[in-house]
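Working notes for the structure below.
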Amino acid sequence: MTTNASTNSAHAFPPSPVREDYVSYAQNATAQTARSTTAKYFLAVDDKMLRIQDVIEQIANANVPVLVTGESGVGKEIVAKAIHKASNRRDRPFVAINCAALPPALLEAELFGYEKGAFTGAHQRHAGKFEQAQFGTLLLDEVTEMEPALQAKLLRVLQEKEIERIGGSGPVPVDVRIVATSNRNLAAAVESGQFRQDLYYRLHVINIEVPALRDRPRDIELLANHFLALYSDQFNKPLLNFAPDAVNKLMTYRWPGNVRELNNVIQRTALLAHTQIITARDIPVEIGQEISSDKWIAALPIGKSLAEVETQFILETLKFHEGNRTHASRTLEISLRTLRNKINEFTAVGLHVTAASGGK
C-alpha cells in the first residue's frame with residue numbers, strides 16, 4: 001500500500017486553498033452525487049441499475065419469491081432491502097440469514113425455531129427467522145449452500161405457508177415474502193444435483209440479475225464519491241475529494257470484488273489520507289494494476305501441479321479476505337463446506353491458514 005506523504009501546505013491538513021482545477025472537479029463530483037440521491041432505493045446512474053429499480057417497483061407488492069443473483073459483492077442484499085422498502089410490507093420486519101455461514105443443524109434451528117427441551121441447550125422456546133419475519137420479508141442469503149434435506153423443508157414451507165418448530169407438535173402459519181440470493185450458477189447447480197430442481201422453480205418466479213461493477217462503469221465514480229464523503233465524516237476529516245488522476249485509476253480497475261471491494265478500498269484510502277485531495281498515489285497500489293495477457297501467461301506457475309496451484313490460490317484468497325471464510329468461499333465460488341474441508345486438509349499437513357479476526 002502506498003500513500004501520498006506530501007506535506008505541501010496547499011494540500012495538507014488542516015484544509016487550505018486547493019488548485020482551481022481540483023476545486024472545479026470536486027464541485028462537479030458533488031453535484032453528480034446530489035443528483036443521484038433522487039434514486040428511489042439505492043445509489044445508481046447506470047441504466048442497468050435503473051432498470052432494476054423499475055423492476056422492483058413492478059414486482060414489489062406481488063407476494064411471490066424473488067431470486068437475486070450476481071457475483072459476490074455486487075449488492076444483492078441492497079436489492080433485497082429495496083424490494084422490501086418498495087412493498088406494502090415495508091413497515092414489517094426485514095430479516096436476513098446467511099445460509100452459508102451456519103452448519104445444517106444450526107441453520108434449521110435458526111430458520112424454523114425450536115421448542116423448549118427439543119435438544120440439549122434448548123432451555124426455552126426460540127422463534128426462528130420465519131416467525132421473526134412474520135408479515136415482512138425474509139432474505140435467504142446464499143440459498144444454494146443449503147443441504148438437500150433442508151432444501152426439501154424450505155420447499156414445503158413455500159408450498160404450505162407454514163413451518164414446524166423443532167420439537168413442536170403442530171404447524172405454525174407464516175406469511176412471509178421470500179427473497180433469496182446466490183452468487184452461483186443455479187442452473188448448473190440443479191444440473192449437478194446440488195440444488196433441488198423443484199425448489200429452483202419455486203424461487204425463480206422473478207429473477208433479478210445484478211451486474212458486476214465493471215459492467216456498470218458509470219456507477220463507479222458515483223459510489224466512490226459517496227463512500228469518500230461517508231468516511232470523511234466518519235473519520236472526522238475535512239471533506240475529501242478525488243483528483244482527476246484518482247478517478248481515472250478507479251475507472252480503469254476491474255473491481256473483482258465489486259462494490260464491497262470499492263467500499264473497502266475507499267475506506268482505507270480515506271483513513272490514511274494526508275491531504276484533502278486524493279490523488280492516484282493515495283489509492284492502494286493494487287488499484288489499476290492491469291496485467292496484459294502476455295504478462296499474465298508469463299506469471300503462470302508452470303512446473304507446479306494443479307493441486308499445488310489450487311492450494312496456493314485458496315490460501316491467497318483467504319489471506320486477501322483476512323481469513324473470512326464466508327467471503328473467501330463466495331470469491332472462489334465454492335461452498336463453505338468445501339472450503340472448510342480444504343482448510344482441514346491444509347492444516348493437517350502443517351500449512352499456515354490465515355485466521356479470521358472474528359473467528360468466522
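No lab work stands behind these numbers, since they all come straight from the coordinates. Quick caveat, the model's predicted, so the values are computed rather than measured. Here the Cβ positions follow ideal geometry from the backbone for every residue, glycine too, while neighbour counts run over all protein chains shown.
Below, the figures for the structure above:
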| item | result |
| --- | --- |
| Residue-span extension gain [Leu351 to Asn61] - 0.36 nm each, minus C-alpha spacing | 99.2 nm |
| Integer Hz, Karplus 6.51/-1.76/1.60 couplings in order for segment 95-110, x for Gly and Pro | 10, 10, 9, 8, 6, 8, 8, 10, x, x, 5, 6, 4, 4, 5, 6 |
| Electrostatic dipole magnitude of segment 41-167 [Cβ: Lys, Arg +1; Asp, Glu -1; Cα centre; debye, to 20] | 400 |
| Total lysine pairs whose alpha carbons fall under 25 Å of each other in segment 47-209 (8 or more apart, or interchain) | 18 |
| Förster radius 41 Å - calculated FRET efficiency between Leu272 and Ser169, Cβ distance, rounded to 0.05 | 0.10 |
| Amide proton proximity set for Ile208, modelled H, under 5 Å, gap of 5+ | Leu67, Val68, Thr69 |
| Exposure proxy order (Cβ contacts within 10 Å, fewest to most) of Leu158, Leu106 | Leu106, Leu158 |
| Nitroxide proxy distance, nm - points 7 Å out along Cα→Cβ at Ser192 and Asp245 | 4.5 |
| Dipole axis of segment 158-277 (+1 Lys, Arg; -1 Asp, Glu on Cβ), positive-most option in Ala180, Leu223, Pro238 | Pro238 |
| Packing rank of 204-211, 338-345, where each peptide gets the mean count of other beta carbons within 10 Å, highest leading | 204-211, 338-345 |
| Fully extended contour minus Cα-Cα distance, from Ala127 to Tyr201, at 0.36 nm per residue | 23.9 nm |
| Those lysines that a straight Cα-Cα span of less than 17 Å connects to Lys319, excepting residues fewer than 8 apart in one chain | Lys342, Lys360 |
| Contour excess over end-to-end distance, with Cα ends at Thr120 and Arg281 and 0.36 nm allotted per residue | 52.3 nm |
